[in-house]
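I have placed the structure first, in the form of structure tokens, so that the comments after it can refer back to it.
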Amino acid sequence: MGHFETYLKHLTSKWLNENTWVGIGETVLKMIVVLLVASLVIKFGKKAIGKIFAVRAKAPLRFSERREATLLRLMVNTLTYLVWFVAIVTILSILGINVQGLLAGAGIVGLAVGFGAQSLVKDVISGFFIIFEDQFSVGDTVQIGKYEGVVEEIGLRTTKIKNWTGELYIIPNGNISEVTNLSIHNSVAVVDVRIPYEEDIDKAEAAIQEILVSFAGEHEEVVSEPELLGVQQLGTTDVTLRVVAETLPMAHWYIARVLKKEIKKALDENRIHAPYPKMVTYSRTEKEEALAGQFLKGDEHGR
């Protein structure tokens, strides 16, 4: 009990010592100052980055809005992570923790994890370059390998795309070697119209051309007036006329369906019928029947 009482008296005298509380107060004050400085740096850093991009928006040579938004978020996140990392390291050093030893140990552990998770590192690096280079963005329609759909989410490790039938594909960024982005440039709607040989081709072209003149003004998805290219193919029973229309990205399927409907109505109004399969029936004469029967029977020798 004597040793315990001695230790208790020593502990009590230590905590009641004025210098101890002064030291604790200084440590807490330093930590508060570090946190306040980190918050101010992040706050003013975000404003500075925002002003830089605002000035870039007025420049004659500028990035696309999607890429500017992506880079802005990336730079803000990088600044936030970096500042808080420095703040945490500073607080640990204030508390008397050997920061250099922790950093050295973390480096060794990180190296070991890197060797054991090379695919993860590959995914993260690929995801970073996808975001930085603005290869595609959320909302774009893309084709990655055999998968095609709308981009739902882009992460540093995986990319999620949703097919039009509802399937959600989760693709590791390291496996993305080729990407086809269908949402950047304008699309082209192609409509083939089949006209029977017995119909007047010039009349059919005039009927189609009449609806094309006002079609672009009636549909905002159409960039310019659709064009009737003329005869595309000569078939066995019909002639194929081709109509093309430049549309906004990914609007060509909808415009093609509307074009087909309007062309069908125009052809009906001009009494131009659609082609249909034709069958030719041939009837042999009595003489041909007799010759055929004699051929089947053979001659007197059975030949």
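Overview of results
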| quantity | calculated |
| --- | --- |
| Shape of the range 109-204, Cα gyration tensor, a/c cut at 1.5 | prolate |
| Neighbour cut-off at most 14 other Cβ (10 Å), DSSP loop, chymotrypsin sites (Phe, Trp or Tyr not before Pro), the range 159-201 | TRP164, TYR197 |
| Gain in span if fully extended, GLN143 to ILE88, counting 0.36 nm per residue against the direct Cα distance | 15.5 nm |
| Derived scalar couplings ³J(HN,Hα) [the range 183-190; Karplus, 6.51 cos²θ - 1.76 cosθ + 1.60; whole Hz; x for Gly, Pro] | 10, 8, 9, 5, 9, 10, 8, 10 |
| For THR159, residues with placed amide H under 5 Å, excluding near neighbours | ILE171, ASN173 |
| FRET efficiency estimate (nearest 0.05) - Cβ-Cβ, THR80 to VAL190, R0 35 angstrom | 0.10 |
| Proximal charge balance of VAL191 [Cβ under 12 Å; K/R count +1, D/E count -1] | +3 |
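FYI, it's all coordinate maths here, none of it is from the lab. This structure is a prediction, so every number in the text was calculated from the model and none was measured. Note that we place each Cβ from the backbone using ideal geometry, even for glycine, and neighbour counts take in every protein chain shown.
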